[in-house]
1. How much length would be gained if the chain were fully extended between A:LYS736 and A:LYS261, taking 0.36 nm per residue of separation minus their Cα-Cα distance, in nm to one decimal?
2. Roughly how big is the stretch A:10-152's charge dipole about its Cα centre, with Cβ charges of +1 (Lys, Arg) and -1 (Asp, Glu), in debye to the nearest 20?
3. Give the angle, between 0 and 90 degrees and rounded to the nearest 10, that separates the Cα long axis of helix B:100-110 from the longest principal axis of the Cα atoms of chain B.
4. Quick check on chain A: what are the equivalent-ellipsoid semi-axes from the Cα gyration tensor, as sqrt(5λ), descending, whole Å?
5. Going toward the positive end of the dipole of the stretch A:542-594, with +1 on Lys and Arg Cβ and -1 on Asp and Glu Cβ, which of A:SER565, A:ASN584, A:ALA544 do you reach last?
6. Can you give the mean number of other chain Cβ atoms that lie within 10 Å of the Cβ atoms in peptide B:74-80?
7. If a helix is a whole DSSP H run, which ones in chain A reach 30 Å or further along their own axis (Cα) and hold a mean Kyte-Doolittle hydropathy of at least -0.5?
8. Could you provide, to the nearest whole Å², the per residue accessible area of chain A with probe 1.4 Å?
Amino acid sequence: MQFKFIFRSMLKNKVFSGINILGLTVGIAAVLLIYRVVSYELSFNKNFKNYDSLVRVVGESVDDGTGQGYSVCIPVPAGEVLRTNITQFDKKSRVKETWNSLTVPNPGGGTPLKKFNTTNDVTAFFADPDFCEMLDFQWVSGDAAASLAEPNTIVLTRDWATKFFGKWEDAVGKTLLIDNIYPVTVKGVFEEMPVNCDFNFPFVISYSTLKGKEDYFYLGDNDWDSCSSNNQVYAQLSDPTQLAAADAAVRRVGEKEYVSKKTGQRMKTHYLQPISELHFNENFNNSGTHIVPKSRLKLLSAIGLLILALACFNFINLATAQASLRAKEVGVRKTLGSGRGQLIGQFMSETGVIVAISLLLGVGIANLASPLLSFVSEVPRSLPFLSNPTVWAFLALTGVVVTALAGLYPSLTLAGFQPVKALRSNAEKSLTGGAGLRKSLVVLQFVIAQCLIIGAIITILQLDYIRSQDLGFKKDLVYTFGFGSDSLSMLRQSALRQTLAKVPTVESVSFSSDQPSSTNTWSSDFRFANRPETEPFATTLKFADENYQATYSIKMLAGRWLAASDTMREAIINKTMLKKLGLNDPNEAVDQVFHLWGSRELRIVGVTDDFHTHSLRHEHMPLTLTNDKKFLWQAGVKIRPDNLPSTLAAIQAAFDEVMPEQVFEGQFLDEEIAKFYEDDRRLAATCKGFGLLAVFISCLGLFGLATHAASQRVKEIGVRKVLGASTTGIIGLLSKDFLTLVVLSLVIASPLAYWLMDKWLQDFEFHTKIHWWVFVLTGVLALVVAFATVSYQSVKAALANPVKSLRSE
Amino acid sequence: MIKTVQLSKVYRTDEVETTALNSVDIEIKAGEFVSVMGPSGCGKSTLMNVLGMIDNPSAGEYFFNEQEVGKLSERKRADVRKNNLGFVFQSFNLIDELTVYENVELPMLYTKVPAGERKKRVEELLEGMNIMHRKNHFPQQLSGGQQQRVAVARAVVNKPKLILADEPTGNLDSANGDEVMKILADLNASGTTILMVTHSQYCAEFGNRIIRMLDGKVVTENVVKRYL
């Protein structure tokens, strides 16, 4: 009987039931989508059996002026000490991240039979044997224990083994070439790593293979000063409770070696990062596709909860506005003996049914809308969702919470009606309370919606600002790609340059360690001119050839660009470096000696204006550019805009001709730079998408309240019309109350959004201003949308024949 | 069955104090059919609400079956009400979303009557009221007379000791009004005590005693004489 009654009641109040179900459906779908993102990100690395015991050694240096205090890099001798001296480590592995090509050698020589490259998003490893056990490799073939014990051995994932050998079963014992030079023997095949972990390597090569290979920057066994962020150490604790003891032991490593001879200050300390932080701590790179700070997940969760709360507010508003219409029923039921508890139960079940319907629809919509998640997150489309039991538990919890949130207050209000008042003929008017609450909730809804819209506009403006910002170099029409850093590739650099230059639409070709703007940081101490001491700040280093300035149109302030050279002889510094050195005139720096890495003496030949070496989040850093063939592995090709497809095809053909064993992967520099702001683009999309949803849900509620208000004021409108009120006057009368609330919400939302967005913009060293018109625009938009929402009911009421409305009263 | 001693009810707003019942002393014995008459605003409905335990008196005592019920909590009043009283209202007060059958069944859900028994009683009553053929209709699909018959059926379904009827014929034409009054008279004849508020002398005379009220006080009490 209860369910029949609820459905009849819903049918009777189609508009209000529709508004409630639609609002809750949208809210629930939004929360589900956000749950999908958040639960996916939070699940990272949790499937490792020893999740609680796995750690990585990281380090923190005294800020050397480059702002790069945090690092995952471990110098080779420190890695050795960590591997042998930390007793709390049950298993340990040095690793080196690597992005090589692998080829199946051609027995007859020449072009390899097959070649595959790791892409930017996929990181392979050199690693010690313990690594496989620590990360629960699921072996499908090969001798697991011995796999990485010997030098020149490799283990592959099943997919990669299949790619190379047709059948993965045939892989073990076969030979592959790293970068078409170094042979390695396949010792094992393992299942792909799960998608929700920060290790997506297609292969792992034994760490001992690295030893002595300069091509892979195996830095000196005794060199505590040099390290690359690719060199890291992972370990498994004998027991998770040993974390503090192990951390203390790790902090003692390098106690003498990291002390500055000049100041006596310890410059670097290592400590442990539990694997549970690998996916969330932006201070340290990981080897996966992305890092998500937990603050971002919290923001996303908060937005989801707010959207759901907005829908609950609609429910509360409409239920309390309409409470008086149910007064008679409450009066009758109470008179017939219903207790307050029974009535609360009844009204809560009614809410429960509406929530249950919304849940079902919400699941459907979330499922349909899941492809849209790629705009705001990294969740793979293929990831199963509804088959996951935790999703259903989450849904059940959502159902209970929403039912309580939306239903409790109206139920208590309704069930609290006194029968003697509820049965009076004028009960409808005397029992319509809660107007203050309704107004507050509408204001709150529009505050949330407008904050999100202001947030969206400001993030979009900042992205536009970034796009239009002069980076200090030209990023357009430069096509970039990488090539091998091995000795063989080095020998073929000039052949590659000449072949590329032959393409008629190529204007210039430059090889470098990285592009003017990149995510890489290579820094070093140095000594300037005849100053006796090392400078108290480090310089960022870039290696570039003689064409770099022309290719990227970098502005010179003094001197000239680097001359062609195979080794480090000359240097260019930037304006920030000049200032940090205490020089005012760029010409003062030209011809001075620059002492690098202890023994290298470079002559400064020019000074450039500052250009952005990193994303706009970073300030300008002191920069030194020098030339060394050994460190050139990125090509930048400046092309003319005519006939792009054939130009790109010709560039790839040139590459394939000179470096046939390597895999070509090219992209435009502006696309590469745009990737720096991928996270910001996602934030903008999140604010935009959820802001629009918030506006939609708020307007749904407004429409419901306007409908209710118009029906409550039928008699008043009739009397006013009879007394001569105009149609526009009536529309104004009915709309004014709601529009006042929207204006009030803008007054509250503006400073709040300003504060939040100003905080966000402070993350960028270079950022747009928050313009006053953003708030005006948001307010006007909100008012227009709100007016359009309530005007339907206002116009309908204003045009109604007063005779009819008065008679019906 | 009912005895009031100096029963008063005062409504207070910020500025106005209205005395709806002023020291009312009445007594109604089991099996009586008492009609309450008086002009609008004289306190008839307030008396009905207080005696029906849907409102509390401000002062005085109210004994129902010799138990003082005037100061009971809402929950206890609800218990006494559902087990002893039946209500018939001028505006019927049927629940729009429930069918005729479900409206009549409703009080038994609150007294936890077993399903089989509920069905039996509802059908018997609907047959008796001659509206069985309308059992699956909704109130708004019925005529006023039919609606009031459903309301009477609902009032008596729990076999109450007392029926409180507030202007039961107020919204009905004379034919339908007559029919409802006959049903009430029959119920009284079979032992149910009835207290009815009415403006109509004709209806009042269906009872065996008439209490007249003015300004919250009982002014006269007359026994109805029947001339056969």
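1. Contour length minus Cα-Cα distance gives 163.6 nm.
2. Around 860 debye, computed over the stretch A:10-152.
3. 60
4. 63, 33, 25
5. My answer, from the dipole projection, is A:ASN584.
6. Partner-chain Cβ atoms within 10 Å, mean over residues of B:74-80: 3.
7. Helices meeting the span and hydropathy rule in chain A are A:14-42, A:294-321, A:340-369, A:389-415, A:435-468, A:678-712, A:727-761, A:772-799.
8. Heavy-atom SASA per residue in chain A reads 42 Å².
The values are calculated or read from the model by the stated rules, or taken from the named source; none is laboratory data. Only a predicted model underlies this, so the values are computations on that prediction, with no experimental measurement involved. Glycine gets a Cβ as well: all are built from the backbone with ideal geometry, and neighbour counts include every protein chain shown. Note: accessible area is taken over every heavy atom of the protein model, side chains too, but ligands, DNA and RNA are not part of it. Shrake-Rupley method; radii C 1.70, N 1.55, O 1.52, S 1.80 Å.
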